[in-house]
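**Student:** Below is a structure I'd like to ask you about.
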Amino acid sequence: MERTFIMVKPDGVQRGLIGEIVTRFERKGLKLIGGKFMLVSREQAEFHYAEHKEKPFFGELVDFITSGPVFAMVWEGDDVITLSRTVIGKTKVTDAVPGTIRGDFASHTNFNLVHGSDSVESAEREIGNMFIEQELVRFDRSI
Ligand code: CMP
């Protein structure tokens, strides 16, 4: 069973889109097993974006993700990493098609509202950076 880390970023929170974004994943049939409203520390931000450490926009990424509260979540299910990225849409907002979260609501790549893990390895690292195992709820769904 796969898990992924999904985060409504500070722009999504400021724009009042937490509910809309959570609804998109629920509507897709994905299973929420953890969620919290939180401030990301600089240490967590640098670890979260470690793969972009050499990029020119690394400092901006860290500044932005620590600039205000985020809504961090863990979703679980078969192929949940790929499925959730399909729901989110392309990183570059000019490529994000209508019907996706970014395609419907984002107009700048730096303010693309939501993050989703891109691999099993990233997901494990990102989940471990923001959650402790006891915050994740194990339960069976009947439907
Ligand atoms: P995210 O999915 O959180 O992962 C890295 C983030 O870097 C990405 O969303 C964008 O918000 C941001 N970003 C800014 N500039 C670029 C760029 N040129 N290419 C990719 N990501 C970028």
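Read-outs: derived from the displayed coordinates by stated rules, not from any lab. Quick caveat: nothing in here was measured; it's all calculated off a predicted structure. Cβ: placed from backbone, ideal geometry, glycine included. Neighbour counts: every protein chain shown.
**Student:** I'd like the full set of residues that are more than 22 Å from N129 (Cβ to Cβ), surrounded by 15 or more Cβ atoms within 10 Å (Cβ to Cβ) and small (G, A, S), limited to region 73-105.
**Tutor:** Residues satisfying the conditions are G89, A96, G103.
**Student:** Hey, another quick one. Do we have any residue at all in region 116-127 that's more than 14 Å from the chain's Cα centre (by Cα), crowded, with 17+ Cβ neighbours inside 10 Å and either without any contact (Cβ under 8 Å) to a residue 12 or more places away in the chain or in a strand (DSSP E or B) (or both)?
**Tutor:** So far as region 116-127 goes, no, none of its residues is more than 14 Å from the chain's Cα centre (by Cα), crowded, with 17+ Cβ neighbours inside 10 Å and either without any contact (Cβ under 8 Å) to a residue 12 or more places away in the chain or in a strand (DSSP E or B) (or both).
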